[in-house]
1. Only one residue in Gly354, Gly373, Gly393 is buried (at least 21 other Cβ atoms within 10 Å of the Cβ) and at positive phi, so which one is that?
2. Please specify each residue of region 522-557 satisfying the condition of being at pLDDT below 90 and either buried (at least 24 other Cβ atoms within 10 Å of the Cβ) or farther than 22 Å from Ala462 by Cα (or both).
3. Which residue out of Gly586, Gly590 is touching a helix residue (DSSP H, G or I) at 6+ places or on another chain (Cβ under 7 Å), crowded, with 18+ Cβ neighbours inside 10 Å, modelled with pLDDT under 90 and more than 25 Å from Pro495 (Cβ to Cβ)?
4. Quick check: is even one residue across region 20-32 over 27 Å from Thr258 (Cβ atoms), in contact with a helix residue (DSSP H, G or I) (Cβ under 6 Å, 6 or more places away or on another chain), buried (at least 21 other Cβ atoms within 10 Å of the Cβ) and among the hydrophobic types (A, V, I, L, M, F, W, C)?
5. Take the residues of region 1-22 that are assigned to a loop (DSSP other than H, G, I, E, B) and out of contact with any Phe, Trp or Tyr (no Cβ under 8 Å at 6 or more places or on another chain): which is nearest to Val62 (Cα to Cα)?
6. Would you be able to tell me the number of residues in region 123-138 that are within 15 Å of Thr258 (Cβ to Cβ) and either outside the structural domain of Thr236 (by TED's automatic domain parsing) or β-branched (Val, Ile, Thr) (or both)?
7. If the requirement is being aromatic (Phe, Trp, Tyr) and in contact with a Cys (Cβ under 6 Å, 6 or more places away or on another chain), which of these qualifies: Tyr613, Tyr594?
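The values are calculated or read from the model by the stated rules, or taken from the named source; none is laboratory data. All values derive from a computational prediction rather than experimental measurement. Backbone-built Cβ (ideal geometry, glycine too); neighbour counts: all protein chains shown.
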Amino acid sequence: MKQIIVLGGGYGGILAAKKLANQLRKDKDYKITLIDRKPYHTLLTELHEVAAGRVEEDSIRVDLKKIFSGFRNVEVLLDNIDNIDFKAQKLQGAKQSYAYDYLVIGTGSKPTYFGIKGAEEHAFSLWSYEDAITLKDHILTMFREAVKQHDPEVRKEMLTFVVVGGGFTGVEMIGELAEYAEQLTKEFYVNPDEVTLHVADMVDTILPILPKKLIAKSERRLRKLGVNIITGKKITEVSEHGVQVGDKFIKSKTVIWTAGVEGSDLVGDLDIEKQGRQRIQTNDKLQIPEHPNVYVVGDNIFYIPEGTDRPVPQMVENAEQAAPLAAMNIVADIKNKPKKSYKPTFHGMMVCIGSRYGVAHVGVPKFMVPLSGFLAMGVKHLINMFYLFQICGFNKVYSYVLHEFFHVKNNRSFFGGHLAKRSPNFWLFPLRIFAGWMWFKQGFDKIGKIIDDPKAMFLIPAKAADGTSAASAAGATDAVSAASDYSAEALSALPVPDFMKGIVDWSMDLMFYTADGGYTSLAYIFQSGMVFAEMIVGVLLILGLFTAPAAVVSVGMGIMVWVSGMAPTEMLWYLVGGIALIGGSGSTLGLDYYVYPRLKKIWRKLPIVRRWYIYAD
């Protein structure tokens, strides 16, 4: 069996391995092995959210074995590779060596400190999951200790935070930190005026690759959050007590370094041609020219596309486009087909400044649209969800939505706290029991009518003389989901838009009425089914079993009654009540509390479920 090794579980490595697995799933002669030092993939673009306490720590981590759980031709191995022998086609790891026929290098990058004195030793980096956790703990410690500190100079040093680097990572970090600091001042009874926030860069502006208008908006937002922006000043030294910015020394116990990256240690040690900051020179097929069976993806690529004068940027979209091409070219080589050249089309960039505001410049190369505020944040979340869907389907998108919108604390979401799950489900318990009883009672009362006369039709009105089929002739008669029997004289039906009424009349003519104005067999089956559905929905709601699906069905039945033109005004109560019960009310004093955990275990073991990640953790 031939071996394809993907080295690195970053954005490029994961996508390359998945694309290879899909394209070679029927070819048993090839095995794909992904090797990484850690058992999880880290969402590097979201590190600032964990470092500043917005989301839970596990929100930026994805288990590598979960990602590939549905692929039999992919093996995930944990090892630290310290050398690649291109001639022997072997990787040397701490545990063992690995032979390959094809190799994909996606080891990513690491922070670069440009030789600035003390930067690596005393500054906090933000380039890994561990970095984010360390920084989060440190920030909390600074506030805890500052409260106990009586020396004003030491206290000021603890409450001063400096982010070095005015690029995307730096701006996102300081914006997030500004919101977090506001929260911590309340939690630890610190005067907000004592907290000082700086973002510093040697270039003349923050976010230099964005249009000037978006830069100006970003600066205004940062200043509104209380951030001091320092640009055009050299950073010459970092110590345990602060950082030298231009001719000023800023005392701080927290200097966060986000000023640039370079190739990983492994890439830096390889005896191959490199350009830029330890990036591997590739050809247009993303191969290392002297080793054509070795491909490069992600931050490790140094390639200048035709018609441009700059190498591809070290950004996620580059990895997302390079990985599928590298995988496609490997498969093309295996099958003796022509390879394709890398012609990336980048669709812009976006940066969030705190949880509620962002700027974005997105579109296609000749038509880029500047966005800010709510729209920019929406674009960023959609892009994140699109990526997560590629690697882990519904499961991770669902998890992302929970972390970003529903489990937020202190309203730190661009929706504010409007979607936050702050109300316990037990308050819905009385509503669930009452709604269940009402549904069951309706169905039970109607069973008697069916038993007395199986041919009696009381849920579908007789066809009118003019050929219409519903409320135009009957008014609001006994509704499918009404609480009791109402006549047209007692209660008017809820209005239905004309276009919808026309569709319903046509469908009822097709399915329920005979040519002579009578009822089809399907009409009687439908009536009996609806009556039993009312009883079943009622029982499920009372027991708290499959509550969410039962509530969805109840809403669906209510909508059916409404569009048929037979819904009394109390149908609104059923619709609104059903919607309220969808959100998990069966987890309180209901069987869902016991049944769902067991079903989830069984569900997750099904091959198709694992393959497409159609489960929630």
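1. Values: Gly373 fails: buried (at least 21 other Cβ atoms within 10 Å of the Cβ); Gly393 fails: buried (at least 21 other Cβ atoms within 10 Å of the Cβ).
Only one candidate qualifies: Gly354.
2. Correct list: empty.
3. Answer to the check: Gly586.
4. yes
5. Our first condition is that a residue be assigned to a loop (DSSP other than H, G, I, E, B); within region 1-22, this holds for 1, 8-10.
Keeping just the survivors that are out of contact with any Phe, Trp or Tyr (no Cβ under 8 Å at 6 or more places or on another chain) gives 8, 10.
Working: Gly8: 14, Gly10: 11 Å.
Here the answer is Gly10.
6. Residues that pass the stated criteria total 1.
7. Numbers: Tyr594 fails: in contact with a Cys (Cβ under 6 Å, 6 or more places away or on another chain).
Of Tyr613, Tyr594, the one residue that is aromatic (Phe, Trp, Tyr) and in contact with a Cys (Cβ under 6 Å, 6 or more places away or on another chain) is Tyr613.
Yes/no per residue for (1) outside any loop (DSSP other than H, G, I, E, B); (2) touching a residue at least 24 places away in the same chain (Cβ under 8 Å); (3) touching a helix residue (DSSP H, G or I) at 6+ places or on another chain (Cβ under 8 Å):
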{"position": "Leu266", "(1), (2), (3)": "yes, yes, no"}
{"position": "Ile272", "(1), (2), (3)": "no, yes, no"}
{"position": "Ile280", "(1), (2), (3)": "yes, yes, yes"}
{"position": "Tyr295", "(1), (2), (3)": "yes, yes, yes"}
{"position": "Pro305", "(1), (2), (3)": "no, yes, no"}
